[in-house]
Every structure is written in C-alpha cells, then in structure tokens.
Amino acid sequence: MSGVPSGSRLHLAVEADGDGAHPAAWRFSGRPPATVLDAPALRNTVAYAEAAGFALVTFADSPLPAGNGRNKAGRIEAGVRAAYLSTVTERIGLAPTLHTTTTEPFHLATQLASLDHASRGRAAWVVGATNSPEALATIGGSGPYEPDRLRGEVSDVIEVARCLWDSWQDDAIIRDRATGRFLDPDRVHHVNFTGGSFSVVGPLITPRPPQGQVVVIAADTLDVTGQVDIALVGGGDPGAVAERTRRVREDDVPLVFAEVEVLLDATEPAADRLAALDRATPWGTGDRLRHVGSAEGLTTLLRQLAAVVDGVRLHPAVLSVDLPVLADRVLPALAADRMHVAPVTGATLRTTLGLPHPSNRFVDATTA
C-alpha cells in the first residue's frame, strides 16, 4: 500500500544519540565528553521526548568511537541502549541503528525481535551501512564495498531479517498443559537463505515479534526503499525534500520522513548559539534540511513539510537545549493545529504510525 501524505498529520521522531547533532554539542551539555554511557542522562532525555509526545526516538551508532580528536567519545551499542530504555518507557518507539555490514544477520534479527518483546511492540530498526575501511576492519573485513555490493548486502540483511521474524507464526506458542507442548512445531518454519556473502538457516530462536515485523527505517540513499516501512529523505531545501519524496514513493514505501536538523532560539538567539558552537568545531553542511532560528519558524516549516511527507525526524543541535524548546513550543503548536497526536500507552509502534500488522509469508505460502 502506497503511503499518501495527509497534509494535516505529521509523525515526529527525534534522534537522541550523544549530546546532539552539532559536533561540539558536548561542550554545552554540562557533561564530560568521554562518558561511555550516562544512564540517567539517556533515560531523562528519552523520558522528556516521550512526555512531549514524540512517536519514536532513534539512536545513531558506529563500530568506531564517535567524534574526532578532542571530540572523540566511546559509547554503548545502540541496541543495548534501546534495550535498557524498553522497560522504563511506555509509549515511545525505540529505533537503534544496527549496521548490516558489521553485524551478523541472525544476531541482528534476534536482537531486534527481543527488543520488540521487551518493549511490548515498540521496536524499530534504523538500517545502517557503515562502509569505511576502518569500520569494516573491526570485524576483520576490508573495504569499502563497491556500490552494487553494498546495496546487495543491505538488501540481503533486510530480507533475511524479515524471513526470520516470520519463521514463527503468531500462534506458534500454544502452552498446552494437557500434552506438555509449549509450541506447535508445525507453526515454526525453517529459513534457508543464501545471500551474496552469507547464508542463514532458521528458524529464529525468538518467537515472532509482537508487531509481526519490526518497523524498518532506512535512508533513501541506500536504494532499498522498496523493502522498508519508513524512508528517510534529506535535501538542502523543502523543494529538494519534495522531489526526493516523489521518487521514493514510486517504490511503494508506506511512509516517508524528512530529515531536519534544528538549532533554536533559547536563552540566547539561535544565531549566537551557532556561532559559539562553530567556534569550537564547525558544523559542516550535510544532506539534511537545517533550521536555525525560532520555534515559530520551525513550526511553519513543519506545516509546509506536512503537505509532502508523512513524518519528520528532528536532529537537535544540542539535546539539553533544543529538546525542551521542541517539547514546550513546537509540539504543542502542532497539536493545537491537530497536526500531531501523541502515542498512547499500550499501542504498538505500528499502531501509532498507522501501519498494519503484517501477514506471515509462511502462512501465506501454505494458504496459497
């Protein structure tokens, strides 16, 4: 089913890795840069985002330390951070970045299925494809991969993960005390998958995720939008975002989210804050739309984007400064316009996003 922009409703996600999107964010966070995992700070950030009404929170990751030089800091793997948060949150979706090029596919699928169970159906996966020689060397590989090989690897890992999540039917666990059977083996299926660089024989060691399939999120630049639930699109201006959205919708992707970096007026004007941050470490231009200015200006931009995309992933420049402004001034303004509705306790992430519970490929094949 093709995603059709509503023009009035916008799903909101926020990136919560580290101290913020700006490379010098740690200098203004009030915390030392070399903290591996400040659990209270991470918990407070996500609790703030959940209370504000964000649909999901994402966590960037890399097999290499974050930052460069004096900004370099270690961190706990994103899937572990999400698992930690699964039991201290109730409504917000949790979306760690797991890299297809440096993570064993069977373990990746198991970790995400386990996260969906722990969070009671709020797991998502931001598909990563780190491809530097340094990153690949962490698993004894060499690179970078050529574009076709990289795309094939990403596509294979997504496909086998989806196969493994379907290897248990929703009703495979029967708990039949009379016969002493915990599961019905006829409802658990073997996966015999051979990809370009690996093979997997299932089934998964974890029952099917509560959502059926974990929500899969990937950048349009990975060229696998036909396999995902949410495509992330960048662009230097709203026109570029609109054009890239038009192209990815041709792949019948259910939802499209725009990538937007934000640095907002707070106790100091946004321009002054940016100048201070850039004096420490310049914030280079990337592939995302960027707003530096007032909360009202950002709200106007989001209203404009709502006519084109289904959601937005916001990248606050400094989480401890910009997230409160988003929570206090931007999300309430969108809610007042009925453009934003916060998730409710007990809902799965698929329910929050309006995505259906997917059928099981093995049941479909048997029925056919």
Out of all the residues in the stretch 342-358, is one or more crowded, with 22+ Cβ neighbours inside 10 Å and either among the small types (Gly, Ala, Ser) or free of Cβ contacts under 8 Å to residues at least 40 places away in the same chain (or both)?
no
Search result, residues across the stretch 308-337 that are assigned to a loop (DSSP other than H, G, I, E, B) and either buried (at least 19 other Cβ atoms within 10 Å of the Cβ) or modelled with pLDDT of 95 or more (or both)
Val308, Val309, Asp310, Ala317, Val318
Name the residues in the stretch 125-142 that are touching a helix residue (DSSP H, G or I) at 6+ places or on another chain (Cβ under 6 Å) and under 30 Å from Ala342 (Cα atoms), would you?
Trp125
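Of the residues that make up the stretch 269-288, is at least one more than 23 Å from Ala25 (Cβ to Cβ) and modelled with pLDDT of 95 or more? So that I can check it myself, show each step before the final result.
Applying the first criterion (more than 23 Å from Ala25 (Cβ to Cβ)) to the stretch 269-288 yields none.
No: the stretch 269-288 contains no residue that is more than 23 Å from Ala25 (Cβ to Cβ) and modelled with pLDDT of 95 or more.
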Give the stretch 64-92 a look and list any residue that's at pLDDT 85 or above, of a type outside the set (A, V, I, L, M) and farther than 22 Å from Ala129 by Cβ, or say none.
Tyr84, Ser86, Thr87, Thr89, Glu90, Arg91
The conditions are (1) modelled with pLDDT of 95 or more; (2) surrounded by 18 or more Cβ atoms within 10 Å (Cβ to Cβ), and Asp148 fails exactly one of them. Which is it?
(2)
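So, in the stretch 264-295, of the ones that are in a strand (DSSP E or B) and not hydrophobic (A, V, I, L, M, F, W, C), which residue ends up most open to solvent (accessible area, probe 1.4 Å)? Give the steps one after another, and end with the answer.
In the first step, residues of the stretch 264-295 are kept if they are in a strand (DSSP E or B); the result is 264, 289-293.
After this cut, where a residue has to be not hydrophobic (A, V, I, L, M, F, W, C) as well, the list is 290-291, 293.
Working: Arg290: 73, His291: 29, Gly293: 14 Å².
Filtering first and then ranking leaves Arg290.
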Just checking, does the stretch 73-87 include any residue being more than 24 Å from Trp283 (Cβ to Cβ), out of contact with any strand residue (DSSP E or B) (no Cβ under 9 Å at 6 or more places or on another chain) and in a loop (DSSP other than H, G, I, E, B)?
yes
Might you let me know whether the stretch 286-301 holds any residue that is within 22 Å of Arg122 (Cβ to Cβ) and touching a Gly at 6+ places or on another chain (Cβ under 7 Å)?
no
Out of the stretch 296-307, which residues are open to solvent by less than 10 Å² (accessible area, probe 1.4 Å) and either farther than 24 Å from Gly93 by Cα or outside any helix (DSSP H, G or I) (or both)?
Ala306
When the stretch 88-127 is examined, which residues are found to be over 16 Å from the mean Cα position of the chain (by Cα), open to solvent by less than 30 Å² (accessible area, probe 1.4 Å) and aromatic (Phe, Trp, Tyr)?
none
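Provide a single number: the residues in the stretch 128-139 that are open to solvent by less than 10 Å² (accessible area, probe 1.4 Å) and either touching a strand residue (DSSP E or B) at 6+ places or on another chain (Cβ under 7 Å) or acidic (Asp, Glu) (or both).
Taking the stretch 128-139 and keeping what is open to solvent by less than 10 Å² (accessible area, probe 1.4 Å), we get 128, 135-136.
Those left that are additionally either touching a strand residue (DSSP E or B) at 6+ places or on another chain (Cβ under 7 Å) or acidic (Asp, Glu) (or both): 128.
Counting residues in the stretch 128-139 that are open to solvent by less than 10 Å² (accessible area, probe 1.4 Å) and either touching a strand residue (DSSP E or B) at 6+ places or on another chain (Cβ under 7 Å) or acidic (Asp, Glu) (or both) gives 1.
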If we scan the stretch 354-363, do we find a residue that is at negative phi, at pLDDT below 95 and not charged (D, E, K, R)?
yes
Those residues of the stretch 105-131 that are touching a residue at least 40 places away in the same chain (Cβ under 8 Å) and in a loop (DSSP other than H, G, I, E, B) come to a total of 5
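The values are calculated or read from the model by the stated rules, or taken from the named source; none is laboratory data. Everything numeric here is computed off the predicted structure, so don't read it as measured data. Cβ sites come from the backbone with ideal geometry, for glycine too, and all protein chains shown count toward neighbours. Note: areas computed on protein heavy atoms with side chains; ligands, DNA, RNA excluded. Shrake-Rupley method; radii C 1.70, N 1.55, O 1.52, S 1.80 Å.
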